[in-house]
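Before anything else, here's the structure in question.
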Amino acid sequence: MTIPKKNHQYWMQRALAEARKAEGKAEVPIGCVIVLNGKIIARGHNLRESSQDPSAHAELLAIRKAARKLGSWRLLDTILYVTLEPCTMCMGAIILSRIPTVVFGCFDPKGGAAGSLYDLSSDPRLNHRVELLPRILESECSGMLSDFFSKLRKRKRAERLISDR
């Protein structure tokens, strides 16, 4: 079944809304939604800083919620939308939860495991393959991250200047 690109853009907008929630909490703005039969069954956004939990990535939080909602660790027939290419930890969880399709906004050249550094989605040694649809609303997703890190660097420079006085 082929889903039109405009539908993927719609759901990626929902993931971007989650990313804005993360940004509002001074978290790296990454958001995720999981869709089943045209409905969002779970949402998540990064909470690593506020929870001091290294595993509190948007994807993992959404996967846990979806599994609770469905009463199953197998998230068959779902589509995971995330604003940034999943890391190795998140791709591992995606594979283990049997999510068939991942749609993401922008690549992560420093930590991506869906084509940038690694591609776990189609590794023949693993027991599950994941269809990848990258670059959906890429400029919006990468722009949000670039703006966040630019503001963070400026704030840290200003704090250093103040502390150096």
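The values are calculated or read from the model by the stated rules, or taken from the named source; none is laboratory data. On a predicted model such as this, the values are computed, not experimentally measured, just so you know. Ideal geometry is used to build each Cβ from the backbone, glycine not excepted, and the neighbour counts take in all protein chains shown. Just the protein is used for accessible areas: all its heavy atoms, side chains included, with ligands, DNA and RNA removed. Shrake-Rupley method; radii C 1.70, N 1.55, O 1.52, S 1.80 Å.
Students often forget the sequence filter, so: which lysines lie under 27 Å Cα-Cα from Lys154 once same-chain residues fewer than 8 apart are removed?
Within the straight-line limit of under 27 Å, Lys154 reaches these lysines: Lys21, Lys25, Lys110.
Now, a different point. Starting from the Cα of Ser51, step 7 Å along the direction of its Cβ; do the same at Arg135; then give the gap between the two resulting points in nm.
Result for the modelled spin labels: 3.3 nm.
Okay, next question. May I ask you to give the solvent-accessible area per residue for the range 53-119, in square angstrom, as obtained with a 1.4 angstrom probe? Write out the running numbers ahead of the final one.
Numbers: 2770 Å² over 67 residues.
Value returned for the range 53-119: 41 Å² of accessible area per residue.
So if I take the centroid of the Cα atoms in the range 1-73 and the same for the range 101-134, what is the distance between those two points in Å?
17 Å
Over the chain, with every protein chain in place, what whole percent of the accessible area is carbon and sulfur at 1.4 Å, could you tell me?
Values: 4880 of 9200 Å².
It is 53 percent, rounded to a whole number.
Counting helices only, and only those DSSP H runs with n ≥ 4, report the 222 nm mean residue ellipticity of the chain as the sum of -39,500 (n - 2.57) divided by its residues, in deg cm²/dmol to the nearest 500.
Working: 5 runs with 73 residues, N = 165.
Value at 222 nm, helices only: -14500 deg cm²/dmol.
Right, next: Check cross-link reach from Lys6 to the lysines: straight Cα distance under 19 Å, and skip same-chain residues fewer than eight apart.
Correct list for Lys6: Lys39.
Still on this model: Need the list of aspartates and glutamates near Lys65 for cross-linking: C-alpha distance under 19 angstrom, and skip anything on the same chain fewer than eight residues off.
Glu18, Asp53, Asp77
How much length would be gained if the chain were fully extended between Lys6 and Ile162, taking 0.36 nm per residue of separation minus their Cα-Cα distance, in nm to one decimal?
On the way: separation 156, 0.36 × 156 = 56.16 nm, distance 4.74 nm.
Extra length available between Lys6 and Ile162 comes to 51.4 nm.
What does the net charge come to around Ser121 if you take all other residues with beta carbon closer than 9 Å to its beta carbon, with K and R at +1 and D and E at -1?
On the way: positive: Arg129; negative: Asp119, Asp123, Glu131.
Charge balance near Ser121 sits at -2.
In whole Hz and in residue order, list the ³J(HN,Hα) couplings for the range 85-100 that follow from phi through the Karplus curve 6.51 cos²θ - 1.76 cosθ + 1.60, θ = phi - 60°; x for Gly and Pro.
Values, residue by residue: 3, x, 7, 4, 4, 5, 5, x, 5, 4, 5, 5, 8, 6, 5, x Hz.
Please say if the range 1-94 is rounded, prolate or oblate, where rounded means a/c under 1.5 for a ≥ b ≥ c the square roots of the C-alpha gyration tensor eigenvalues, and otherwise the choice is prolate for a/b larger than b/c and oblate otherwise? Provide the component values of the computation, followed by the final result.
Values: a/c = 1.90, a/b = 1.29, b/c = 1.47.
Oblate.
Give me the mean projected area, in nm² to one decimal, of the convex hull enclosing the Cα positions of the chain.
Details: hull surface 40.8 nm².
For the chain, averaging the hull's shadow over all directions gives 10.2 nm².
Within the range 48-70, which residues have the backbone N less than 16 Å from the label spot 7 Å out from His128 along Cα→beta-carbon, could you tell me?
Under 16 Å, as judged by backbone N against the label point of His128, lie 59-70 of the range 48-70.
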